[in-house]
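Enquirer: Below is a structure I'd like to ask you about.
The numbers here are math on the coordinates, done by the rules we state, and not lab data. Computed from a predicted structure; not experimentally measured. Reconstructed Cβ throughout: ideal geometry from the backbone, glycine too, with neighbour counts over all protein chains shown.
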Amino acid sequence: MNRKQRNMLTRIIIALVMTVSLLFIDITGWIRLALYLVVYLIIGYDILKKAWLGIIHGRVFDENFLMAVATVGAFALAIYEKSGDYLEAIAVMLFYQIGEFFQSYAIGKSRRNIAALMDIRPDYANIEEDGKIVKVDPDDVAVGSIILVQPGEKVPIDGIIVAGESSLDTSALTGESMPREVHDGDEVISGSVSMSGVLKVRTSKEFGDSTVSKILELVEDSASRKSKSENFIAKFARIYTPAVCYGALALALLPPLFLIIFSGASLDFSTFETWIYRALVFLVISCPCALVVSIPLSFFAGIGGSSREGILVKGANILETLSKVKTVVFDKTGTLTEGVFEVNAYHGNHDEDIEHRKSQLLEYAAIVESSSSHPIGKSLQRAYGHEIDRSRMSNVKEISGQGVTAEIDGKTIAAGNEKLMRSLGLTPCHCKTAGTIVHIAIDGEYAGHIVLGDVVKPTSEKAIADLNKSGVTQTVMLTGDSKMVAEQTAKQLGIDKVYSELLPSDKVAQLEKILKKEKGEAKVAFVGDGINDAPVLSRADIGIAMGAMGSDAAIEAADVVLMDDDPLKIGKAIRISRKCLKIVWENIIMALGIKGVCLILGIFGIVNMWLAIFADVGVMILAILNAIRAMYVRNT
């Protein structure tokens with residue numbers, strides 16, 4: 001609880017104690033009025049000040065103005081009637097402030113939830129100078145510098161481990177409680193915490209471009225992106241508040257004037273008294289706080305709760321759109337599969353020694369693909385198992401969607417798919433083994449191919465079933481892999497439709513077709529690994545980047561970033577968004593319904609000031625408590 005909240009709570013307690021005490025003290029006249037005014041100013045001076053400043057600056061019609069008019073009017077009526085009943089005015093302001101306290105506490109709790117994520121920001125980086133460890137500002141560390149991360153410290157900047165091994169706590173980033181074991185050669189991301197050993201890390205990015213900075217920037221910006229519901233309520237309040245003020249004025253003046261003109265009632269204050277009271281009740285009931293406060297709070301709480309689960313949503317507008325997703329389109333490699341390929345088979349084109357042919361094919365393929373960032377290239381290098389001598393290679397050309405050509409030891413080598421072989425005028429050998437095929441040509445002659453199989457993620461099948469249970473009506477997979485491999489993976493996972501052998505541009509075109517088929521407000525989400533899917537992520541109604549902690553392109557292009565690569569988080573993200581929207585509509589219906597009924601009853605004098613307080617503050621507190629539920633998403 002911050003200082004402002006503590007001060008507000010203190011004022012509420014003091015005003016409550018004084019009000020209760022005055023009920024048991026037999027005091028009348030001006031002394032009674034003075035004591036109640038003291039209580040009123042203790043609890044309401046800030047509301048009166050805001051109302052006055054609003055009038056001065058031309059922003060008259062807000063909730064502060066409504067509360068000020070209603071309570072001052074109630075005091076004035078009590079003074080005129082000489083009833084000494086100032087309790088209604090005090091009660092309206094007191095309960096309104098209790099509602100404001102609940103609002104402040106709820107927003108503060110949601111902000112603390114996001115602030116917990118902000119704790120991943122490192123305060124310093126360790127560098128070694130003259131045998132001593134010196135703490136420096138992470139912004140001052142250049143790319144390629146060696147930094148030291150000691151047990152219990154946060155990794156300040158993304159990089160590669162050059163010495164040491166440790167267990168990394170990535171829970172603040174991914175929501176995953178299991179530590180990750182790392183050693184020489186592994187990539188580490190900023191924001192994770194070294195739990196055991198000392199690590200020497202060569203930085204691969206500047207601090208401003210590192211994962212932790214991108215995440216914090218994303219989260220900080222998310223609160224400013226309003227949903228359609230929030231924009232509607234903001235516009236609604238700007239029209240609604242002046243309308244009810246004029247309505248209250250009309251209720252105070254028109255009925256008594258009608259009685260004076262047509263019923264011969266006397267032209268004095270007693271004729272207006274009842275209607276002025278009803279107008280004050282009308283003002284208290286009509287305050288739009290429940291809507292204006294609870295709806296942004298619901299979205300803010302939803303964003304905060306999802307970020308705690310390792311699901312970063314870029315704004316309330318994204319959360320609202322995500323709730324309408326009916327079709328989820330997946331990339332395959334690195335999204336539904338591990339992106340870790342294993343060499344399953346070799347098929348040569350000659351009858352010479354098969355072991356020599358395997359070794360030669362793998363060697364050439366590994367060297368050629370060493371210039372590629374694609375997982376296939378990394379898998380070939382891993383299977384080769386030797387250090388790559390890139391000085392043997394020259395004239396490297398990467399052909400998008402086909403493969404790579406290069407000269408190795410004076411020989412022209414081409415490694416890629418069937419399209420690459422055909423473009424070179426060669427006829428590739430058709431392989432019946434399911435997997436990703438890397439065809440290899442040497443000096444213009446087809447030499448054979450290597451078969452690699454991608455490993456399906458353990459949770460992918462469960463994730464597809466979970467999406468179906470969550471109300472997603474169609475799952476689709478887009479991949480550049482062969483038809484055989486794609487269909488085998490889709491069948492294994494239970495995916496409805498699959499489109500294979502697609503270039504990056506083909507994926508965008510296919511997504512366009514899927515988008516055109518959607519009807520009404522149904523939305524399409526695309527899920528990619530963030531490496532080469534930026535165009536499709538940007539084009540979909542909702543782009544979801546998986547395992548994209550190190551990918552700037554993914555964070556920029558995606559609307560939702562999953563801090564680990566678990567496909568199960570997709571269904572959770574959709575359910576969180578739907579829970580949040582459900583809460584928003586519950587609050588809208590509850591607030592408008594109760595206020596509407598009470599306003600009508602208030603016009604006819606059936607509702608007094610006490611029921612008006614419930615219609616305003618009671619509904620606001622109920623709406624806020626309901627909105628807080630959006631933060632609790634663990635079992636969603």
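Enquirer: Go through Lys82/Lys595; Lys497/Lys569; Lys523/Lys569 and tell me which ones have a Cα-Cα distance over 24 Å in this structure. Don't skip to the answer; put the middle values down first.
Expert: On the way: Lys82/Lys595 31 Å; Lys497/Lys569 21 Å; Lys523/Lys569 18 Å.
Lys82/Lys595, as the Cα separations exceed 24 Å there.
Enquirer: If you put +1 on each Lys and Arg Cβ and -1 on each Asp and Glu Cβ, how big is the dipole of the chain around its Cα centre, in Debye rounded to 20?
Expert: Working: 65 positive and 74 negative charges, 597 e Å.
Dipole magnitude for the chain comes out near 2860 debye.
Enquirer: What angle, in degrees between 0 and 90 and rounded to the nearest 10, separates the Cα long axis of helix 375-384 from the longest principal axis of the Cα atoms of the chain?
Expert: 40 degrees
Enquirer: Of all the C-alpha pairs in segment 256-347, what % are more than 23 Å from each other?
Expert: Result: 64 percent of Cα pairs exceed 23 Å.
Enquirer: Check which residues have an amide H placed less than 5 Å from Val198's amide H, if you skip close sequence neighbours.
Expert: Hits under the 5 Å cutoff: Glu165.
Enquirer: Also, quick follow-up: Considering only DSSP beta bridges whose two residues both sit in the chain, what percent are antiparallel, to the nearest 5? Before the final figure, lay out the partial values.
Expert: On the way: 55 of 75 bridges.
Of those bridges, close to 75 percent are antiparallel.
Enquirer: Under a 5 Å amide H to amide H cut-off, with H placed in plane at 1.01 Å, what residues pair with Ser192 once short-range neighbours are removed?
Expert: Residues meeting the criterion, in which the H sits 1.01 Å from N, are Val155.
Enquirer: While we're looking at this one, here's another question. Under 1.5 on a/c is rounded, so check that first for segment 438-570, then, if it is not, pick prolate when a/b is larger than b/c and oblate when it is not; a ≥ b ≥ c are the square roots of the alpha carbon gyration tensor eigenvalues. Present the calculation step by step, with values, prior to reporting the outcome.
Expert: Numbers: a/c = 1.63, a/b = 1.54, b/c = 1.06.
Note, shape of segment 438-570 comes out prolate.
Enquirer: If you don't mind, there's one more thing I want to ask. Per residue of segment 437-443, what does 6.51 cos²θ - 1.76 cosθ + 1.60 with θ = phi - 60° give for ³J(HN,Hα)? Whole Hz please, x for Gly and Pro, Karplus curve as stated.
Expert: Going residue by residue, I get 9, 10, 8, 10, 10, 10, 6 Hz, with x marking Gly and Pro.
Enquirer: For Met477, list long-range residues whose amide hydrogen, built 1.01 Å from N in the peptide plane, is under 5 Å from its own amide hydrogen.
Expert: Phe330, Lys497, Val498, Tyr499
Enquirer: Here is a further query. Hey, got a sec? Which chymotrypsin sites (Phe, Trp or Tyr not before Pro) in segment 577-636 land in a DSSP loop and have at most 15 other Cβ atoms within 10 Å? Walk me through the numbers before you get to the answer.
Expert: On the way: sites: Trp585, Phe604, Trp610, Phe614, Tyr632; in loops: Phe604, Tyr632.
Those that pass, being in a loop and sparsely packed, are Phe604, Tyr632.
Enquirer: Would you mind checking the pairs Lys358/Lys411; Lys326/Lys572; Lys154/Lys378; Lys324/Lys469; Lys483/Lys507; Lys324/Lys517 and listing those with alpha carbons more than 20 angstrom apart?
Expert: Working: Lys358/Lys411 17 Å; Lys326/Lys572 14 Å; Lys154/Lys378 29 Å; Lys324/Lys469 15 Å; Lys483/Lys507 15 Å; Lys324/Lys517 15 Å.
In this structure, Lys154/Lys378 lie more than 20 Å apart at Cα.
Enquirer: Still on this structure, please answer the following. When you take every Cα atom in segment 338-455, what is the radius of gyration, and what is Dmax, the widest Cα pair distance, in Å?
Expert: 12.8, 36
Enquirer: Read phi for every residue in segment 247-264 and hand back ³J(HN,Hα) as whole Hz from Karplus 6.51 cos²θ - 1.76 cosθ + 1.60, θ = phi - 60°, with x for Gly and Pro.
Expert: In residue order, the calculated couplings are x, 5, 4, 5, 5, 6, 10, 5, x, x, 5, 4, 5, 5, 6, 9, 10, x Hz.
Enquirer: Continuing with the same structure: For the chain, just say rounded, prolate or oblate: build the C-alpha gyration tensor, square-root its eigenvalues into a ≥ b ≥ c, call rounded for a/c under 1.5, and beyond that prolate if a/b exceeds b/c, oblate if not.
Expert: Values: a/c = 3.99, a/b = 2.35, b/c = 1.70.
It is prolate, given that a/c is not under 1.5 and a/b is the larger ratio.
Enquirer: Farthest toward the dipole's positive end in segment 142-205, which of Val198, Ile161, Leu148, given Cβ charges of +1 (Lys, Arg) and -1 (Asp, Glu) about the Cα centre?
Expert: Leu148
Enquirer: Report ³J(HN,Hα) in whole Hz for each residue of segment 575-590, in order, from the Karplus equation J = 6.51 cos²θ - 1.76 cosθ + 1.60 where θ = phi - 60°; Gly and Pro get x.
Expert: Values, residue by residue: 5, 4, 5, 5, 4, 4, 5, 4, 5, 4, 5, 4, 5, 4, 5, 4 Hz.
Enquirer: Within the P(r) computed for segment 142-205, what percentage of the Cα pairs occupies the region above 13 Å? Before the final figure, lay out the partial values.
Expert: Working: 1095 of 2016 pairs.
Distances greater than 13 Å cover 54 percent of the Cα pairs.
Enquirer: A follow-up question, please. Measure nothing fancy, just the Cα-based angle from helix 289-308's long axis to the longest principal axis of the chain, in degrees from 0 to 90, nearest 10.
Expert: Value to nearest ten degrees: 30.
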